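Inspection log for the structure reproduced underneath, given as structure tokens.
The values are calculated or read from the model by the stated rules, or taken from the named source; none is laboratory data. None of the values given here were measured: they were computed from a predicted structure. Ideal geometry is used to build each Cβ from the backbone, glycine not excepted, and the neighbour counts take in all protein chains shown. Heads up: the accessible areas ignore ligands, DNA and RNA and are worked out on the full protein's heavy atoms, side chains in. Shrake-Rupley method; radii C 1.70, N 1.55, O 1.52, S 1.80 Å.
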Amino acid sequence: MTLKDQAISGVLWNSVGRFSSLSIEFVVGIVLARLLTPKEFGLIGTIMVFITLSQVFINSGFSQALVRKPTCTQLDYSTAFFFNLAVGLFSFILLFFCAGYIAGFYKIPELKPLVQVLGITLIISSLTLIQGAILTRRIDFKLQTKISVIATVVSGIIALLMAYKGFGVWSLVAKSLVNQAINSALLWAWNRWKPDLVFSMASLKELFGFGSKLLVSGLIGTFFNNIYYIVIGKYFSAADLGFYTRAELFKNLPSQNVSDIATSVSYPVLAKVQHDPARLKAGTRKIITSTFFVVAVLMFGMAAVADSLVITLVGEKWRQSVIYLQMLCFVGLMYPLNSINVNLLNVVGRSDLYLKLQLIAQLLTIPVIILGIAFGIKFMILGMCINYLFAYIYFSKVSAKYSGYSFKQQVKDIYKPLLLVITMGVIVYLVDYLTDLKPLITLVLQVFVGALIVLLSGELLKLKEYILIKTIVIEQYRKQF
């Protein structure tokens with residue numbers, strides 16, 4: 001199989017896997033939102049900041065370092081595995097004994113046992129990082145897809161049963177634990193890689209030389225990306241955080257996950273052509289334009305249908321999430337552009353520069369936090385939108401030095417699709433504004449109108465991004481059937 005075929009197959013399998021898992025997660029999340037309260041989701045939101053930070057620390061950038069390294073030995077894999085496991089155990093112990101202080105910080109005593117139990121996921125995730133890196137190196141997303149779907153289904157069923165039986169917030173804790181446990185067990189059972197009882201300081205230094213910069217930048221990025229949870233949980237209420245996390249969940253469904261698909265698949269592919277400037281530029285251009293087109297359609301569409309979407313799916317009690325979702329959709333629009341441009345720096349081995357950019361970008365978060373504390377959540381989200389726009393301009397200019405794909409070229413490539421989706425979003429929004437139908441009927445009508453506009457415009461205007469995605473889908477469909 002050629003590199004191009006591998007890339008396309010990887011994109012499709014990763015897309016299928018994420019779409020399947022996210023669809024299940026989405027359905028489970030909708031039912032859980034009807035069974036639980038915004039406060040219970042807010043409690044988990046306060047905890048996940050610390051869990052996510054710990055997971056970045058456990059990884060230490062080793063996954064990316066292993067994927068990027070031209071040739072990896074069993075010694076490299078084993079060394080990284082035992083290091084990750086040791087850090088995972090240390091992180092769990094630290095979080096376990098700090099749980100009381102975390103609960104005291106938020107002045108919510110019930111957080112302590114939740115933190116201590118959820119901390120078990122850190123040990124489980126440390127067991128699977130190398131397994132995932134090996135499969136990613138092989139661009140084998142088919143197996144990862146199968147495992148992800150199974151873990152999502154089983155954990156979702158257990159969470160729903162527990163929520164129905166009245167376990168409240170503990171159903172969300174169980175969902176996370178079961179998902180991690182099944183994912184880990186199946187990776188070990190089906191990937192069949194096993195570590196040797198060996199450890200090399202030389203290998204550790206080599207991997208950590210690249211990964212350490214990603215670790216620092218990852219910790220900084222994760223902290224500042226999640227600091228909004230801390231601010232809302234501390235200065236507002238758990239219910240307010242629940243409304244915000246629900247809006248962010250809707251936003252992340254298309255934005256962050258489409259972006260993650262693009263970056264996870266493009267990373268090993270672009271790494272193999274990093275020394276060929278022409279192919280690197282062409283590959284980067286295709287990834288940015290096609291990813292942006294998909295995300296832009298979904299983000300503007302979601303902003304337009306936000307009211308009918310939220311009320312239909314999770315109920316009237318979540319209405320406060322609507323305005324948050326509409327504002328966050330702009331953040332979701334910029335996320336893949338930033339992510340792909342920054343990812344390119346890791347592809348070409350400039351993790352040091354990646355760290356520098358992260359530091360600069362995250363410093364701009366400080367005034368946004370102050371704005372949120374002083375004037376409220378809406379002003380904080382507005383500040384986030386401005387930050388992401390400035391970050392994109394800056395990141396794209398820096399990455400252009402290595403890809404040859406300048407900021408001006410990116411804007412020139414994406415402005416036509418952007419005008420199309422803005423027009424689509426306005427028309428779809430007017431469907432709700434000018435009609436007085438039930439939320440479900442309005443939502444169905446809005447989705448139909450939006451899809452029709454995109455498909456007809458793509459065909460009539462012959463948009464390159466639309467044609468590219470359509471061609472890939474048709475080719476793969478013919479191969480399969």
> Ordered by residue, what ³J(HN,Hα) values in Hz, to whole numbers, does the stretch 403-408 give under the Karplus form 6.51 cos²θ - 1.76 cosθ + 1.60, where θ = phi - 60° and Gly and Pro are x?
Replying inline: 8, x, 9, 6, 4, 4
>> Accessible area of the chain with a 1.4 Å probe: how many percent of it is carbon plus sulfur?
In response: 70
>> For the stretch 76-205, what does the relative contact order come out to in percent, with C-alpha contacts under 8 Å and a separation of six or more?
In response: 34
>> Number of Lys pairs in the stretch 92-230 with C-alpha atoms less than 23 angstrom apart, excluding same-chain neighbours closer than eight positions?
In response: 8
> Hey, which of these cross-link pairs are over 18 Å Cα-Cα: Lys69/Lys401; Lys378/Lys438; Lys251/Lys356; Lys251/Lys378?
Replying inline: Lys69/Lys401; Lys378/Lys438; Lys251/Lys356
> Local charge sum around Lys438 (other residues, Cβ-Cβ under 13 Å, Lys/Arg +1, Asp/Glu -1)?
Replying inline: -4
>> If each DSSP helix of 4+ residues adds -39,500 (n - 2.57) and the sum is divided by the residues in the chain, what number results at 222 nm, nearest 500 deg cm²/dmol?
In response: -30000 deg cm²/dmol
>> Considering only C-alpha atoms, what is the centroid distance from the stretch 298-345 to the stretch 38-81, in Å?
In response: 26
> So what is the relative contact order of the stretch 366-425, in percent, for Cα pairs below 8 Å that sit 6 or more residues apart?
Replying inline: 16
>> Please compute the alpha carbon radius of gyration of the chain, then divide it by the globular-protein estimate 2.2 N^0.38 Å. Two decimals is fine.
In response: 0.96
>> Ranking request for peptides 456-469, 38-51, 296-309: highest mean number of other beta-carbon atoms within 10 Å first, then the rest in descending order.
In response: 296-309, 38-51, 456-469
> Can you give me the relative contact order of the chain as a percent, contacts being Cα pairs under 8 Å and 6 or more apart?
Replying inline: 19
> Which whole-Hz ³J(HN,Hα) couplings does the stretch 392-398 yield from phi under the Karplus relation 6.51 cos²θ - 1.76 cosθ + 1.60, θ = phi - 60°, glycine and proline marked x?
Replying inline: 4, 4, 6, 4, 5, 5, 6
>> So, R0 is 41 Å and r is the distance between the beta-carbons of Asp436 and Leu389; what FRET efficiency does that work out to, to 0.05?
In response: 0.70
> So, counting K/R as plus one and D/E as minus one, what does the shell of residues with Cβ under 15 Å around Pro417 add up to?
Replying inline: +4
> In sequence order, what are the phi-derived ³J(HN,Hα) couplings for the stretch 309-318 according to the Karplus relation 6.51 cos²θ - 1.76 cosθ + 1.60 with θ = phi - 60°, rounded to whole Hz, with x for glycine and proline?
Replying inline: 5, 5, 5, 5, 7, 10, x, 4, 5, 9
> Taking the Cα centre of the stretch 116-238 as the origin and placing charges on Cβ (Lys, Arg +1; Asp, Glu -1), which of Asn179, Ala202, Gly119 is farthest toward the positive end of the dipole?
Replying inline: Asn179
> Which FRET efficiency value, to the nearest 0.05, do you get for Leu219 and Leu75 by plugging their Cβ-Cβ distance into 1/(1 + (r/R0)^6) with R0 = 25 Å?
Replying inline: 0.40
> Tell me, what is the per residue accessible area of the stretch 107-223 in Å², probe radius 1.4 Å?
Replying inline: 45
